[in-house]
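Visitor: Please see the structure below; I have some questions.
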Amino acid sequence: MPSTLIELDPADVSARMARGEIVLVDVREPNETAAEAIPGTVLMPLSRFDPTALPQGNVVLTCLGGKRSAMAVARCHEAGLAVDTHMRGGLVAWKAAGLPTTR
């Protein structure tokens, strides 16, 4: 895991998304996001994750529980990118906070 990993809680991510301050990138696989996803996320599966293809803006990474998004942050660091933030607990924590998903 990266030495510098910033973790945001789902409520903070939701508020920042609503204000247009961040881009939430989901690194789960397409079959997972097809079953359930956070509205407004950008899909970039970890299996073919290319840090240089990340969208412009302040990127926050997410997955189901937080492990894969932390791995994606590490890949960003390896590529020399200053992406260091993921959502603590991923989709599981998002749903536990009562935040909306699409199915």
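The values are calculated or read from the model by the stated rules, or taken from the named source; none is laboratory data. Predicted model, so just to flag it, every value in this text is computed and none were measured. Ideal geometry is used to build each Cβ from the backbone, glycine not excepted, and the neighbour counts take in all protein chains shown.
Visitor: Does the range 41-48 include one or more residues that are in contact with a strand residue (DSSP E or B) (Cβ under 9 Å, 6 or more places away or on another chain) and among the basic types (K, R)?
Guide: Within the range 41-48, not a single residue is in contact with a strand residue (DSSP E or B) (Cβ under 9 Å, 6 or more places away or on another chain) and among the basic types (K, R).
Conditions tested, residue by residue: (1) within 17 Å of G89 (Cα to Cα); (2) surrounded by 14 or more Cβ atoms within 10 Å (Cβ to Cβ).
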residue: E7; (1), (2): yes, yes
residue: R19; (1), (2): no, no
residue: I22; (1), (2): no, yes
residue: V25; (1), (2): yes, yes
residue: I38; (1), (2): yes, yes
residue: L46; (1), (2): yes, yes
residue: F49; (1), (2): no, yes
residue: N58; (1), (2): no, no
residue: L64; (1), (2): yes, yes
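Visitor: From the set of residues in the range 66-89 that are within 15 Å of A37 (Cβ to Cβ) and without any contact (Cβ under 8 Å) to a residue 60 or more places away in the chain, which is surrounded by the most Cβ atoms within 10 Å (Cβ to Cβ)? Even if it seems obvious, please write down each step before you answer.
Guide: First pass over the range 66-89, keeping only residues within 15 Å of A37 (Cβ to Cβ): 68-69, 87.
Those still in the list that are without any contact (Cβ under 8 Å) to a residue 60 or more places away in the chain too: 68-69.
Working: R68: 22, S69: 28.
Selected residue: S69.
Visitor: Which one of the conditions (1) free of Cβ contacts under 8 Å to residues at least 12 places away in the same chain; (2) surrounded by 12 or more Cβ atoms within 10 Å (Cβ to Cβ); (3) of a type in the set (A, V, I, L, M) does A53 fail to meet, given that it meets all the rest?
Guide: Condition not satisfied by A53: (2).
Visitor: Give me the helices (runs of 4 or more DSSP H) completely within the range 22-103, filtered to those with at least 1 residues that are within 19 Å of E7 (Cβ to Cβ) and at pLDDT 95 or above, ordered by residue number.
Guide: By residue number, 67-78, 90-96.
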